[in-house]
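So the structure is just underneath, and the comments pick up after that.
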Amino acid sequence: MKISGLNLILMGPPGAGKGTQSELIVSKYNIVHLSTGDMFREAYKNKTKTGLLAHEFTSKGQLVPDDVTIALVKERLLQDDCKNGYLLDGFPRTIEQAEALDEFTNSISSPISKVIALDADYNELVKRITSRRVCPVCGASYNLFTKRPLVEGVCDHCQSKLVQRDDDTEAKLHTRLEAYEKQTKPLLDYYAKKGLLVKVDGLQEIEKVFADIAGVLGE
Ligand code: ADP
Ligand code: ADP
Ligand code: ZN
């Protein structure tokens with residue numbers, strides 16, 4: 001496998017804007033979007049073994065076990081379209097996942113270029129998550145207040161009917177934020193020590209957040 005262009009990680013708590021910024025980043029930089037959340041939802045929709053197992057955890061707002069998640073991501077990263085660069089959205093979320101990713105990227109001599117960490121405060125995350133609506137077909141993410149579709153309740157890209165994710169309730173968000181604090185936040189230090197971490201203020205408007213990210217990544 002040849003050494004790739006841009007291999008990115010986008011981190012942040014639920015609602016920080018990972019999915020929204022991912023869409024903009026992959027289209028500007030022409031790299032593949034790999035969202036573990038989307039992969040688990042797709043696998044569940046297709047009732048695969050991994051999908052059914054993962055749903056036992058995602059439906060409670062808990063992280064899917066590392067071995068399952070790591071195997072899924074590794075298999076995906078080995079596919080041809082990842083050779084020219086990729087954006088990992090929502091992976092890694094634990095130190096064990098980060099170490100497995102390091103081992104993998106070392107083995108193919110294609111290191112991570114940068115880790116972008118988005119953040120926003122608790123009240124804003126609750127507001128964003130409870131007003132998020134998603135397209136069950138193409139995965140596009142909308143918001144009742146800040147990112148309304150052109151036609152109410154309908155996906156701009158594929159015209160499917162928008163839905164609310166079953167884990168986007170305030171109660172489950174609480175569990176997800178706890179998982180972020182305990183299991184994922186230590187990764188900020190992990191990547192800072194490697195000199196890869198860039199923090200971006202996710203509280204700003206969508207376009208401003210993207211301008212900051214593009215400023216970091218360059219043309
Ligand atoms: P994540 O993937 O990190 O959970 P999303 O990108 O799905 O987050 O964003 C969560 C919700 O907040 C969505 O409804 C999205 O439209 C909205 N949103 C995303 N970024 C912003 C922003 N900068 N300002 C206001 N709302 C935003
Ligand atoms: P969010 O918008 O909250 O950031 P995602 O769509 O990225 O949510 O993830 C949805 C759910 O999928 C998570 O709450 C978790 O159960 C599971 N999941 C996603 N990525 C991972 C991961 N890297 N490790 C473990 N579980 C994950
Ligand atoms: Zn759609």
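Listed values, structure above:
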| item | result |
| --- | --- |
| Phi to ³J(HN,Hα) by Karplus 6.51 cos²θ - 1.76 cosθ + 1.60 over region 140-152, Hz, x for Gly, Pro | 4, 10, 10, 9, 4, 10, 9, 8, 7, x, 4, 10, 3 |
| Solution diffusion estimate, µm²/s, Stokes-Einstein, the chain, Kirkwood Rh from C-alpha pairs, 10 °C, viscosity 1.306 mPa s | 90 |
| Value in Å of the Kirkwood radius, where region 122-203 supplies the Cα pairs that are averaged | 14.7 |
| Other-chain or far-sequence residues with amide H under 5 Å of Asn7's (modelled H) | Tyr86, Ser113, Lys114 |
| Share antiparallel - DSSP beta bridges, region 1-154, percent rounded to 5 | 25 |
| Table column - 3J(HN,Hα) (Hz), region 63-74, Karplus curve with 6.51, -1.76, 1.60, x for Gly and Pro | 5, 6, x, 4, 4, 5, 5, 5, 4, 4, 5, 4 |
| At most 13 other Cβ within 10 Å, DSSP loop - trypsin sites (Lys or Arg not before Pro), region 186-219 | Lys194 |
| Amide H within-cut-off set for Leu162, under 5 Å, with H built and near neighbours excluded | Val154, Cys155 |
| Accessible area of the chain divided out per residue, in Å², using a probe of 1.4 angstrom | 51 |
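The values are calculated or read from the model by the stated rules, or taken from the named source; none is laboratory data. This one's a predicted model, so the numbers in the text were calculated from it and none came from an experiment. For neighbour counting, all protein chains shown are included, and Cβ atoms are generated from backbone atoms with ideal geometry for every residue, glycine included. When the accessible area is computed, the model is the full protein with side chains, heavy atoms only, and any ligands, DNA or RNA have been set aside. Shrake-Rupley method; radii C 1.70, N 1.55, O 1.52, S 1.80 Å.
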